Structures are given as structure tokens and as C-alpha cells.
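> Just passing along the structure, written as C-alpha cells.
The values are calculated or read from the model by the stated rules, or taken from the named source; none is laboratory data. Keep in mind that this is a model prediction, so the values were computed, not measured. Every residue, glycine as well, gets a Cβ built from its backbone with ideal geometry; the counts of neighbours run over all protein chains shown. Each accessible area value is taken on the protein alone, full model and side chains, heavy atoms only, with ligands, DNA and RNA left out. Shrake-Rupley method; radii C 1.70, N 1.55, O 1.52, S 1.80 Å.
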Amino acid sequence: MFSVKVFCLLAVCGLALAGEADVLQLTDSDFSTRVGETETTLVMFYAPWCGHCKKLKPEYAKAAELLRGEDPPIALAKVDCTEEGKETCNKFSVSGYPTLKIFKNGEVSQEYNGPRDANGIAKYMKSIVGPASKDLLTLAAFEDFLKKQETSIVGFFQKESDLKGVFLKYADSQRERLRFGHSSAKDVLEKQGETDAIFLFRAKQFANKFEPDFVKFEGKTKDDLTTFVKENFHGLAGVRSRESINDFKNPLVVVYYAVDYVKNPKGTNYWRNRVLKVAKEFVGRVNFAVSAKDDFQHELNEYGYDYVGDKPLVLARDAKNQKFIMKEEFSVENLQAFAGELEEGSLEPYVKSEPIPESNDAPVKVAVGKNFEDVVMNNGVDTLIEFYAPWCGHCKKLAPAYDEVAEKLKDEDVSIVKMDATANDVPPTFDVRGFPTLYWLPKDSKSSPKRYEGGREADDFLKYIAQHATNELKGYDRKGNPKKVEL
């Protein structure tokens, strides 16, 4: 009986069970009242049958948990638009699911267009609450600020100065991405030993013996500060997340394993410390990072891996974006040797590829990852290549016309080629974002392929090739008209 009462009490309070206790479940009857209770509330309008909503649900709940205890408080709520929240959803013009809106003091403030992962949601919401930089009024406030599991940029200022102006402008411009604090409190300045300075403090869980816990900014301008943060934020071997992936530049060595600073910080740092030991030997030459294997399964698939075992897997890309795999078992010595060979350029690149065709005599040549250089780049003739996907309807519709023009030009110094871009690595020279994508490569300037934007009928291809061929075709003039054959 008691358990039933507890359940009912939780239901009345708008809380959900099973890990979602921090998300308010609101209805038409209590929406206005509950949203007005907290200065800042993020509301998810959803439908139970919506696939995108189901995918967002656990991230949303985790974000609410991460935001628990924030000062000023931030609430996360949700409204079922198919049941007891229909009127509310209509009132706020909800037409698709999920729709997220930010409310300030009970009124709509803005649409939420931030990240959809837990950490990203939490960071974004914290960035829009209060000032861009938190004023740390006491030593206790400063110490508590640094206990959070986030890397922070903190300014120490006894009085107004040019550096303080730079700090506050930078904080305002980066408030959605980074965490800022500042202090003029006497005991804080005394503890830090600075009266006009900016420091980057790395999150406590990242502490290690290979690099300092904090770094001092030595520049003067906002551009200097931007560069400083960019170079120091992640340290020797940063922890990549989905939202920070673009912070890590090639040449890059990434070590994949069960990275989890919440459930297993000791195990996470056990492997990361070994990566750091190697990374400190390559500062400024090769970049390093660690990644949670479950969060980056798509990257593992690009290298032909379905899973990572008990020991870390090491993958890399060089400055040319070529892919490499450390085939030896993970160890400090093997990682150091692998990074050295990556820097030297002596590693064999990994190329995702279908088998090379045993015969490639058809009018339309087949390129795969392993023969791309021979079939496309070094074939000595002008080349038209189609990057396709087997499931693509437009590609299937294009195939007869593509076959027809290949047949008409089979005796010319032109090669018509196709490549399954889902089963083979596409060289970085080619920007393939949809299917089919076609490129024209003149034989003497293969390094600068030109995207084909013409028609998709055989006659369209023929006229284009006749006009752009390096040497005039033997059977067609420059307009694509058949040449007269003298008897």
C-alpha cells in the first residue's frame, strides 16, 4: 500500500520513474504553473511513437541529471502532445516531434537548436543562464567551481583592466561551448598569487603526471586567448566526444576503449596515462586523443572493425587524411613505434575496399579502393567517374544511360568508371555527400577533378565529354555530333 502511495505521489509531482526522475512530465492542467516555478526550463514536446523522440529520451534524462543542483536552477520538462498535453502543444505551434523550446519565467524565450546528446544539452543550457562568466565571490566558491568535471577558464582581476575586458568579451562569445569564472576576492587572488591573469584549469578527472593541471595565458588580445584555449583545452591526449570531434586535427592518433569517467574513472585513466606517456614525446608533431568505443562505432566501421576487445584499439589519420591501423597489441612501446612511423610516413595506409575485379573489360570500368589509383588517377586518359550506392534509386535510373555512353566511347581515349562509395573508401579529393555524384578528370590534371553538373541522359554525357575532352574525340566533333566516315 505504501509503495502505491509513493508512486501516486511521484506521479502527482510530475516526475517519472526508471531513471527519469529529474525530468518533469507536464500536462495541460499544470504546464503554466510548473514552467513558471523555475527561471529557465527546457521543454521537449514529443509523441510516444516518434522514433527521434525515443532516441532523444535517454540523453534528455541524463542531461536533467547532470543539471541537478545548478545555481541558478535549470529544469528539464516534457509534454506528451498525443495525450494530456494536446492543448499546450497547439498553443505553442508544435508541428513536429521532438520540438524543444526554452522558457524563461514561464514564457517562451527561444527555440532550442543546440546539441542532442546529454553533455551537449547540459552545457548549452548552462551557457544561457546568468552571465557568461560566474563571479566567484569567495575562496569556497572558487574551490567548488573547480570541483566540477569540466575544464574551465578563470580570470583573476584586482581591478578593471584591458585583460579583464578581453576575458569578458571572449567569455561572452564562447559561453555556449566553454565554462568561465572570474574573481576579485582578496583570498582567491592570494591563493592563486595573481592579480591580473587568466588561467585554464583542466577538469580534475583529467589530472596526470605528464602535464600541469592548469596553464597560464601569456597573451594580450582576444585572438591570442582564442589560440591559447584551442591549443591547451584538451591537453596532450584529449577525450573526444561527439561535440568536440572537430577540435582534433590531423595527424591524429586515436585510442579507442571503454572511456567512462562516471562509472570507471580509474580504468579510464589507466589506459589514458599510457597514451599520455607517448603523446608527450610528439608534442607539436602528432596529436593524440582517446575515445569511448561505443560512442564512435561508426569510426570503427570505417576501419573494418565491428567491436573493440579488452585492450584498446589504435587508429590514426595522417595530414593527408589517410587511414592507418596499429595491428600490434596495445602497449606503450608499440604505440610509440606506431606514432613514429606515422610521423615518418612509413606506414601502409588502410583502404576500405571490395576485391579487385578479376576482369575489368566492360565499357564501364569498376573502381574499388585498392585499384582506384590505377583505374582512375593513373590510367592516362580523360575520365568520368560515378560514385554510387547500390540502394540509390537515382543511381539505378542513371545506369542505362551511363552504360550507353560508355559503349559509344569504348574506342576513345576516355574512361567511364563507377565506384560503390558505400563499400570503398572515397579519396579525400572527391566531395561525395549524396548519390550519384559524378566527377570529370582531364588526363593531364587529375589532381583537380571537376564535379559534373550536367544532364543525366546518354546524349548529355556525350556532348559534355566531346566538349571537354583533352583531345578531340575520334568519332565525335566538339559538339558531340558523329563525324562523317569517309568511304
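> Only one of these is surrounded by 15 or more Cβ atoms within 10 Å (Cβ to Cβ) and among the small types (Gly, Ala, Ser): Gly455, Gly434, Gly480. Name it. Even if it seems obvious, please write down each step before you answer.
Numbers: Gly455 fails: surrounded by 15 or more Cβ atoms within 10 Å (Cβ to Cβ); Gly434 fails: surrounded by 15 or more Cβ atoms within 10 Å (Cβ to Cβ).
Every option except Gly480 fails the conditions.
> Can you tell me which residue among Val375, Val405, Val381 is closer than 15 Å to Leu438 by Cβ and either open to solvent by less than 10 Å² (accessible area, probe 1.4 Å) or at pLDDT 95 or above (or both)?
Values: Val375 fails: closer than 15 Å to Leu438 by Cβ; Val381 fails: closer than 15 Å to Leu438 by Cβ.
Being closer than 15 Å to Leu438 by Cβ and either open to solvent by less than 10 Å² (accessible area, probe 1.4 Å) or at pLDDT 95 or above (or both) holds for just one of Val375, Val405, Val381, which is Val405.
Quick grid of which residues meet (1) farther than 20 Å from Tyr124 by Cα; (2) assigned to a helix (DSSP H, G or I):
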site	(1), (2)
Ser32	yes, yes
Thr38	no, no
Phe45	no, no
Cys89	yes, yes
Ser93	yes, no
Lys101	no, no
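> Name the single residue, out of those in the range 355-384 being without any contact (Cβ under 8 Å) to a residue 60 or more places away in the chain and of a type in the set (A, V, I, L, M), that is nearest to Ser448 (Cα to Cα).
Only one residue fits best here, namely Val375.
> May I pose another question? Residues Val259, Val255: which one is of a type in the set (Val, Ile, Thr), open to solvent by 10 Å² or more (accessible area, probe 1.4 Å) and at pLDDT 95 or above?
Details: Val255 fails: open to solvent by 10 Å² or more (accessible area, probe 1.4 Å).
Residue meeting the stated conditions: Val259.
> Would you check if Glu386 is open to solvent by 30 Å² or more (accessible area, probe 1.4 Å) and under 25 Å from Asn471 (Cα atoms)? Before the answer, list the steps.
On the way: open to solvent by 30 Å² or more (accessible area, probe 1.4 Å): no; under 25 Å from Asn471 (Cα atoms): yes.
It is false that Glu386 is open to solvent by 30 Å² or more (accessible area, probe 1.4 Å) and under 25 Å from Asn471 (Cα atoms).
> From the list Val215, Val254, pick out the single residue that is in contact with an Asp or Glu (Cβ under 8 Å, 6 or more places away or on another chain), of a type in the set (Val, Ile, Thr) and under 28 Å from Asp318 (Cβ atoms). Explain how you work it out, then say what you get.
Details: Val215 fails: in contact with an Asp or Glu (Cβ under 8 Å, 6 or more places away or on another chain).
Only one candidate qualifies: Val254.
> Scan the range 410-422 for residues that are in a loop (DSSP other than H, G, I, E, B) and open to solvent by 30 Å² or more (accessible area, probe 1.4 Å) and jot them down. Give the derivation first.
Step one: of the range 410-422, the residues in a loop (DSSP other than H, G, I, E, B) are 410-413, 421-422.
Answer for the range 410-422, where residues must be in a loop (DSSP other than H, G, I, E, B) and open to solvent by 30 Å² or more (accessible area, probe 1.4 Å): Lys410, Asp411, Asp413, Thr422.
> Name the single residue, out of those in the range 457-487 being in contact (Cβ under 8 Å) with a residue 24 or more places away in the chain and part of a loop (DSSP other than H, G, I, E, B), that is nearest to the chain's Cα centre (by Cα).
Glu457
> Please specify each residue of the range 237-286 satisfying the condition of being of a type in the set (S, T, N, Q) and either in contact with a strand residue (DSSP E or B) (Cβ under 6 Å, 6 or more places away or on another chain) or under 13 Å from Gln205 (Cβ atoms) (or both).
So in the range 237-286, the residues of a type in the set (S, T, N, Q) come out as 241, 244, 246, 250, 264, 268-269, 273.
Those that are of a type in the set (S, T, N, Q) and either in contact with a strand residue (DSSP E or B) (Cβ under 6 Å, 6 or more places away or on another chain) or under 13 Å from Gln205 (Cβ atoms) (or both): Asn250, Asn264, Thr268, Asn269, Asn273.
> Taking the range 437-452, which residues are open to solvent by 80 Å² or more (accessible area, probe 1.4 Å) and assigned to a loop (DSSP other than H, G, I, E, B)?
Asp444, Ser447
> May I ask you to list pairs of residues, at least six apart or on different chains, whose Cβ atoms are under 7 Å apart, with the first in the range 256-276 being without any contact (Cβ under 8 Å) to a residue 24 or more places away in the chain and the second being of a type in the set (Lys, Arg)?
Qualifying pairs under 7 Å: none.
> Which of the residues belonging to the range 36-46 are of a type in the set (A, V, I, L, M) and modelled with pLDDT under 95?
To start, the set of residues in the range 36-46 that are of a type in the set (A, V, I, L, M) comprises 42-44.
Selection gives nothing.
> Considering the range 284-306 alone, what residues qualify as being assigned to a loop (DSSP other than H, G, I, E, B), at negative phi, open to solvent by 20 Å² or more (accessible area, probe 1.4 Å) and in contact (Cβ under 8 Å) with a residue 12 or more places away in the chain? Full working, then the answer.
Filtering the range 284-306 for residues assigned to a loop (DSSP other than H, G, I, E, B) gives 284-286, 293-296, 303-306.
Narrowing the set further to residues that are at negative phi leaves 285-286, 293-296, 303, 305-306.
Now drop any that are not open to solvent by 20 Å² or more (accessible area, probe 1.4 Å), which leaves 285, 293-295, 305-306.
Passing the criteria: Arg285, Lys293, Asp294, Asp295.
> Of the residues that make up the range 93-114, is at least one open to solvent by 20 Å² or more (accessible area, probe 1.4 Å), of a type in the set (S, T, N, Q) and touching a helix residue (DSSP H, G or I) at 6+ places or on another chain (Cβ under 7 Å)?
Within the range 93-114 (the criterion being open to solvent by 20 Å² or more (accessible area, probe 1.4 Å), of a type in the set (S, T, N, Q) and touching a helix residue (DSSP H, G or I) at 6+ places or on another chain (Cβ under 7 Å)), the answer is no, since none of the residues qualifies.
> If a residue has to be open to solvent by 60 Å² or more (accessible area, probe 1.4 Å) and farther than 16 Å from Tyr97 by Cα to count, how many in the range 31-62 make the cut?
5
> Could you tell me whether Asp162 is acidic (Asp, Glu), surrounded by 14 or more Cβ atoms within 10 Å (Cβ to Cβ) and at pLDDT 95 or above? Lay out the reasoning, then the answer.
Working: acidic (Asp, Glu): yes; surrounded by 14 or more Cβ atoms within 10 Å (Cβ to Cβ): no; at pLDDT 95 or above: yes.
Judged against the criteria, Asp162 is not a match.
> I would also like to ask the following. Residues in the range 220-241: is at least one in contact with a helix residue (DSSP H, G or I) (Cβ under 6 Å, 6 or more places away or on another chain) and either farther than 30 Å from Lys320 by Cβ or part of a helix (DSSP H, G or I) (or both)?
Yes, the range 220-241 has at least one match.
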